[in-house]
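Data first, discussion second: the structure below is written as structure tokens.
The values are calculated or read from the model by the stated rules, or taken from the named source; none is laboratory data. For clarity, every value in this text was computed on a predicted model and none was experimentally measured. Backbone-built Cβ (ideal geometry, glycine too); neighbour counts: all protein chains shown. Accessible surface is based on the protein model in full, side chains and every heavy atom, while ligands, DNA and RNA are left aside. Shrake-Rupley method; radii C 1.70, N 1.55, O 1.52, S 1.80 Å.
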Amino acid sequence: MPQFRSTYAMACATQPEFPVYCLRPAAVKTATRWFIDNFPGRTLFAVKTNPYFVPTVAAAGLRHFDVASIAEIEDVARQVPGARMSFMHPVKSRLSIRRAYFEFGIRDFSLDCEAELDKILEETQGARDLNLFVRLKVSNRHSCMSLAGKFGISGDPASRLLLRARQAADELGICFHAGSQLMRPKAYVEAMEEVANQIRRSGVIIDILDVGGGFPSIYPHSSPPPLADFVDAINAVFETMPVSETCELWCEPGRALVAEAASLVVRVELRKGNALYINDGVFGGLFDAGQPQFIYPTQVLKSPAQLSGNLQEFSFFGPTCDSADYMPGPFLLPANIDEGDYIEIGGLGAYSMQLRTEFNGFYQKDLVEVEDGPLLSMYGIARTEELVAANSTLQQWDQDQLPGES
Ligand SMILES: Cc1ncc(COP(=O)(O)O)c(C=O)c1O
């Protein structure tokens with residue numbers, strides 16, 4: 001893969017006709033080491049966020065992966081032989097359960113209903129060495145992206161499922177997901193209190209508590225407290241939970257490990273007032289800039305001498321003919337930006353490369369590695385890049401209030 005000192009160096013050297021993903025493996029390693037060193041338990045990487053970084057995460061010392069499909073399982077098995085995988089999708093096809101268990105040696109399976117438990121037991125021929133994780137439904141109210149609508153069980157049905165799973169499992173786990181991009185440590189506190197109530201109600205003894213993903217990254221519209229605050233909060237509640245001394249604590253971060261480790265360099269094809277028509281959009285790598293209205297950090301890749309000092313708010317249109325290919329932002333950029341300028345859009349290491357489509361014939365396939373730091377970092381990684389002085393987007397909007405909060 002081509003390597004460049006910085007996104008700016010790449011844009012100057014190649015003047016790319018198509019969007020280019022600029023990957024920062026060093027940032028993934030820093031994030032991975034942070035979790036290994038600071039989370040008081042076991043960390044799994046949620047592969048769905050960006051399978052490209054699987055070997056990078058492994059090289060940093062993390063060899064346990066949360067996988068959601070047979071394709072992800074094959075990918076991890078090929079790239080990290082001997083890695084442990086946990087099949088944490090609560091609804092799996094019968095064939096994928098069979099292949100996961102017999103072909104790939106997977107023993108960890110999540111579920112949120114009795115029919116799925118029956119499937120797992122049937123397809124593993126009544127195996128006695130299963131680690132079963134019952135996914136509980138918890139509040140997602142402190143997240144930017146709720147995942148509450150689809151999976152999870154609670155109340156008496158959860159108690160019945162926990163008791164049945166306890167009898168069938170070698171190890172019994174409880175897992176949950178409090179939503180992605182959690183903005184408050186109390187999201188975990190409240191979810192773990194809900195779990196504690198459910199454990200008391202059902203009277204089961206659990207071996208593993210998996211607090212899921214949700215650890216935040218940093219965006220101009222969403223600037224969370226330090227990750228250490230989240231870990232401290234989890235640790236404090238875990239101490240009070242009705243679980244045995246030997247109960248393990250797991251987490252499955254995705255976004256927090258990789259989001260800041262990739263940027264996309266796009267080109268302005270046309271300017272109409274404060275709207276920039278760029279060569280990537282919501283059907284490409286910028287899905288979450290559309291309806292979810294994520295505001296990513298941006299900087300124009302011009303030398304400081306060519307920039308006007310004034311910053312202005314812009315919205316983006318993507319390259320397809322669909323009106324939904326619109327990203328309201330606002331994205332702060334120099335007032336004199338125009339056709340032909342390159343923009344670095346940061347924070348795209350998670351849920352971007354995986355969501356690309358080929359709609360209208362646009363597909364962002366060019367990847368390079370860069371050595372400069374991310375535009376914004378949760379880990380204090382410095383941006384050692386010559387454009388920093390002129391950078392528009394290290395400025396933070398104070399808009400981290402969540403819907404419904406006052
Ligand atoms: C089961 C599971 N674990 C972990 C994650 C990763 O979540 P995040 O990227 O918010 O850390 C997801 C995301 O959908 C998930 O479904």
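Along the charge dipole of the chain, pointing to its positive end and built from +1/-1 on Cβ of Lys, Arg, Asp and Glu, which listed residue (P220, L264, P157) has its Cα farthest out?
Final value for the positive-end residue is P157.
Shape call for region 27-147 from the C-alpha gyration tensor, a ≥ b ≥ c root eigenvalues: rounded (a/c under 1.5), prolate (a/b greater than b/c) or oblate?
Since a/c reaches 1.5 but b/c is at least a/b, the shape of region 27-147 is classed as oblate.
Step through the residues of region 131-145 one at a time and calculate ³J(HN,Hα) from phi using the Karplus curve (6.51 cos²θ - 1.76 cosθ + 1.60, θ = phi - 60°), rounding each to whole Hz and writing x for Gly and Pro.
Going residue by residue, I get 9, 9, 10, 7, 8, 8, 7, 10, 4, 10, 6, 9, 9, 7, 10 Hz, with x marking Gly and Pro.
Which value, in debye to the nearest 20, describes the size of the charge dipole of the chain about its Cα centre when Lys and Arg Cβ atoms bear +1, Asp and Glu Cβ atoms bear -1, and nothing else is charged?
Rounded to the nearest 20 debye, it is 580 debye.
Averaging sequence separations of C-alpha pairs under 8 Å and six or more residues apart, then dividing by the length of region 25-258, give the relative contact order as a whole percent.
Computed over region 25-258, the figure is 20 percent.
With the cut-off at 1.5 for a/c, could you classify region 25-258 from its C-alpha gyration tensor as rounded, prolate or oblate?
Because a/c hits 1.5 or more and a/b fails to exceed b/c, region 25-258 counts as oblate.
Residues with beta-carbon under 14 Å from that of P157, excluding P157: net charge, scoring Lys, Arg +1 and Asp, Glu -1?
It works out to a net charge of +1.
Counting heavy atoms of the protein chains only and a 1.4 Å probe, report the per residue accessible area for the chain as a whole number of Å².
39 Å²
Have a look at Q364, N235, N274 and report the one farthest towards the positive end of the charge dipole of the chain, computed about the Cα centre with Cβ charges (Lys/Arg +1, Asp/Glu -1).
N235
Among all the lysines, which ones have a C-alpha under 23 Å from K92's C-alpha, if same-chain residues fewer than 8 places away are not counted?
K48, K119, K137, K150
With a ≥ b ≥ c the root eigenvalues of the C-alpha gyration tensor of the chain, is it rounded (a/c under 1.5), prolate (a/b larger than b/c) or oblate?
It comes out prolate by the Cα gyration axes.
Just in region 195-257: which GluC sites (Glu not before Pro) are loop by DSSP and have at most 14 other Cβ atoms within 10 Å?
E245
For the chain, what does the helix formula give at 222 nm: sum of -39500 (n - 2.57) over DSSP H segments with n ≥ 4, over the residue count, nearest 500 deg cm²/dmol?
When only DSSP H runs of four or more count, the value is -7500 deg cm²/dmol.
Label V91 and M1 with points 7 Å out from Cα along Cα→Cβ: what is the distance between them in nm?
Taking the simple label geometry, V91 and M1 are separated by 3.3 nm.
Taking 7 Å along the Cα-to-C-beta vector as the label spot, tell me the R200-K186 distance in nanometres, rounded to one decimal.
With each label placed 7 Å out from Cα toward Cβ, I get 2.0 nm.
Give the carbon-plus-sulfur fraction of the accessible surface of the chain in %, rounded to a whole number; probe 1.4 Å, heavy atoms of protein chains only.
Taking all protein chains in place, the chain shows 50 percent carbon and sulfur surface.
Do you know the relative contact order of the chain, to the nearest whole percent, from alpha carbon pairs under 8 angstrom that are 6+ apart?
21 percent
Exposed loop trypsin sites (Lys or Arg not before Pro) only (DSSP loop, at most 13 other Cβ atoms within 10 Å): please give the longest stretch of the chain free of them, not including the sites.
It works out to 151-364.
I'd like the orientation of helix 155-168 relative to the chain: the angle between its Cα long axis and the longest Cα principal axis, in ° from 0 to 90, rounded to 10.
Taking Cα atoms only, the helix is inclined about 70 degrees.
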